[in-house]
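Below: one structure, written as structure tokens.
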Amino acid sequence: MRRINSEFKTANMSEEGHKLSNRDYFGYVEMDDFACYVLADSLDEEPAVNSAHLVAESLIRSFTERPAIGKRRLKSYLEQAHKELMNRHGECT
């Protein structure tokens, strides 16, 4: 959806869960012609790495560098995020 025919209104809400810390992550970027919203659920209990934060930041960074929403481009964003997560996880183990 292009900004020319739409208006972006962004808000978020988070409710307290049962865990002592919330490691989920929400991030977004709005550009002239595109917007990318990422909501990630952390899969780990490793205190040194917040996987949700790392993946969301990677997706937003990749999108910002090459903004597009095609199937192949989305797949490349996810592959890059997975690669960064695996590299970071290897550093912490």
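The values are calculated or read from the model by the stated rules, or taken from the named source; none is laboratory data. These numbers come from a predicted model, not from an experiment. FYI the Cβ positions are ideal-geometry reconstructions off the backbone, even for glycines, and counts take in every protein chain you see. With ligands, DNA and RNA removed, areas are computed over all heavy atoms of the protein, side chains included. Shrake-Rupley method; radii C 1.70, N 1.55, O 1.52, S 1.80 Å.
Points worth noting:
- Efficiency of FRET from Cβ geometry, Leu39 and His82, R₀ 22 Å, rounded to 0.05: 0.85
- Accessible surface of His82 - all protein chains present, 1.4 Å probe, nearest 10 Å²: 110 Å²
- Net charge of Cβ neighbours under 14 Å - reference Leu59; Lys, Arg +1; Asp, Glu -1: 0
- Across region 27-38, coupling constants 3J(HN,Hα) worked out from phi with the 6.51/-1.76/1.60 Karplus curve, θ = phi - 60°, read x, 7, 9, 10, 10, 4, 10, 9, 9, 9, 10, 10 Hz, and Gly and Pro carry x.
- Label point at Val29 placed 7 Å out along Cα→Cβ; residues across region 59-74 whose backbone nitrogen lies under 14 Å: 59-69, 74
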